[in-house]
Amino acid sequence: MKTKILTELKNSKDYVSGQQLCEKFGVSRTAVWKAVEQLRESGYGIESVRRKGYLLVSRPEQISVEEIQSGLNTRWLPGKICYFDTIDSTNRYADQLGREGKVEKDGILVVADHQTMGKGRRGRTWVSPAGKNIFMSLLLKPGISVENVSGITLVMALSISRAMQMLYGLPVQIKWPNDIVCRGKKLCGILTEMRVEENEISHVVIGVGINVNIEEFPEELKDTATSLYLELQQQQSRSRLICEIMKQFEQDVERFYRTENLSELQEEYQTYLVNQNQEICVIEPDKSYRGIGRGINEKGELLVELPDGTMKKIYAGEVSVRGVYGYV
């Protein structure tokens, strides 16, 4: 009931009468009043005027299930939202739900205000202060083949990039395969993990960490990391961004599921690709070499033109890009 009433108040620029809410949701005036009081206790500023009703005048900059649900403009994603004030890792929790068979048909979104053991690629730690960033993991059970599932990371990267461009007009780019950068500094990281049983996908967890309202980074990160606050010089709503990402990802992942490749997204993805036609250094476990990034193929592999003119497909390994992360 809280979410329904909050949605109505958000969508109205004028007062919403208590009677109108009662009739729309089939509840008593007491039930409406209790829901409004609960929203006030959660930090929402709601005015109430006799014979006029309720008016939403302020919203807290905090993430909650009600705040996200009331802002979603999707048809099916996510089927369920789990929120934590503090958690060790949203990816770990989502994976545990998957192991226990608790995968919703339309996905589960796990969101936390604070993460104590955030994971990055190759076991790196993701800096996770409270009340500043987006820490979320999406648990899915895609009905696609194991060999094609890795492309889902690139799908999320595209969805996040488009969401940020639409909301803020930022010149964001994708550093293949899983980082979002802005003006040469990291803004967002994506970590996808999956479980396979008998050659079938049990579940997939897409973890997303976004620097939103951090005003200053530690000395060792100042030259390589940025935040929405630093780029826009004002605080941003984390819930609003989460909702927009879910909207964009829903439409993108449907296209990905339909083809089981990136053929319908490849062209747009490459408009964001910072590696496109740039010199890069490919670092593999036993060697490194340089080449020119020539975009991605339908599988999401990075195409690298070597000095001798041959084209190499990069599926795994870490790619450093000239001008990004200190590589010059």
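Enumerate the pairs (first residue in the stretch 245-271 and of a type in the set (Asp, Glu); second residue anywhere and part of a helix (DSSP H, G or I)) with beta-carbon separation below 7 Å, excluding pairs fewer than 6 apart on the same chain, so at least 6 apart or on different chains. Going by the 7 Å Cβ cut-off, the qualifying pairs are Asp252/Val155; Asp252/Leu158; Asp252/Ser159; Glu260/Asn148; Glu264/Arg255; Glu268/Leu158. Kindly establish whether Gly98 is at pLDDT below 90, more than 28 Å from Ile214 (Cα to Cα) and surrounded by 13 or more Cβ atoms within 10 Å (Cβ to Cβ). Against the criterion (at pLDDT below 90, more than 28 Å from Ile214 (Cα to Cα) and surrounded by 13 or more Cβ atoms within 10 Å (Cβ to Cβ)), Gly98 does not qualify.
Summed over the stretch 217-239, the residues that are surrounded by fewer than 20 Cβ atoms within 10 Å (Cβ to Cβ) and basic (Lys, Arg) give a count of 1. Across the stretch 1-31, the qualifying residues are those that are more than 18 Å from Arg50 (Cβ to Cβ) and among the charged types (D, E, K, R), and the one among them that is surrounded by the most Cβ atoms within 10 Å (Cβ to Cβ) is Lys2. Pairing each residue of the stretch 111-136 that is modelled with pLDDT of 90 or more with any residue that is of a type in the set (Asp, Glu) and not in a loop (DSSP other than H, G, I, E, B), provided the two are 6+ apart or on different chains, yields C-beta distances under 6 Å for Asp113/Asp85. So, Lys175, is that one in contact (Cβ under 8 Å) with a residue 12 or more places away in the chain, among the charged types (D, E, K, R) and crowded, with 21+ Cβ neighbours inside 10 Å or not? The answer is yes for Lys175.
Taken over the stretch 236-265, residues that are out of contact with any Asp or Glu (no Cβ under 7 Å at 6 or more places or on another chain) and under 17 Å from Ile296 (Cα atoms) amount to 5.
Scanning the stretch 75-82 turns up one or more residues that are over 25 Å from Lys132 (Cα atoms), within 17 Å of the chain's Cα centre (by Cα), among the hydrophobic types (A, V, I, L, M, F, W, C) and surrounded by fewer than 21 Cβ atoms within 10 Å (Cβ to Cβ). Would a scan of the stretch 37-49 turn up a residue that is touching a Pro at 6+ places or on another chain (Cβ under 7 Å) and without any contact (Cβ under 8 Å) to a residue 24 or more places away in the chain? Yes, some residue in the stretch 37-49 is touching a Pro at 6+ places or on another chain (Cβ under 7 Å) and without any contact (Cβ under 8 Å) to a residue 24 or more places away in the chain.
Residues are listed down the side, and each one gets a yes or a no for (1) surrounded by fewer than 24 Cβ atoms within 10 Å (Cβ to Cβ); (2) more than 19 Å from Asn275 (Cα to Cα); (3) β-branched (Val, Ile, Thr):
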site	(1), (2), (3)
Leu138	no, yes, no
Ala157	no, no, no
Gly169	yes, yes, no
Arg183	yes, no, no
Arg195	yes, yes, no
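Kindly establish whether Ser239 is hydroxyl-bearing (Ser, Thr, Tyr) and farther than 30 Å from Leu139 by Cβ. When the stated conditions are applied, Ser239 does not pass them. Go through Ile214, Ile242, Ile280 for me and flag whichever is hydrophobic (A, V, I, L, M, F, W, C), surrounded by 14 or more Cβ atoms within 10 Å (Cβ to Cβ) and not assigned by TED's automatic domain parsing to the domain that holds Trp76. The match here is Ile280.
Looking across Glu250, Glu254, one residue alone is buried (at least 17 other Cβ atoms within 10 Å of the Cβ) and outside the structural domain of Pro307 (by TED's automatic domain parsing). It is Glu250.
Any chance the stretch 113-120 includes a residue that's surrounded by fewer than 21 Cβ atoms within 10 Å (Cβ to Cβ), farther than 25 Å from Asp179 by Cα and of a type in the set (A, V, I, L, M, F, W, C)? Within the stretch 113-120 (the criterion being surrounded by fewer than 21 Cβ atoms within 10 Å (Cβ to Cβ), farther than 25 Å from Asp179 by Cα and of a type in the set (A, V, I, L, M, F, W, C)), the answer is no, since none of the residues qualifies.
The values are calculated or read from the model by the stated rules, or taken from the named source; none is laboratory data. Since the structure is predicted, the reported quantities are computational estimates derived from the model, not experimental observations. Quick reminder, even Gly has a Cβ in these numbers, built from the backbone with ideal geometry, and neighbours come from all protein chains shown.
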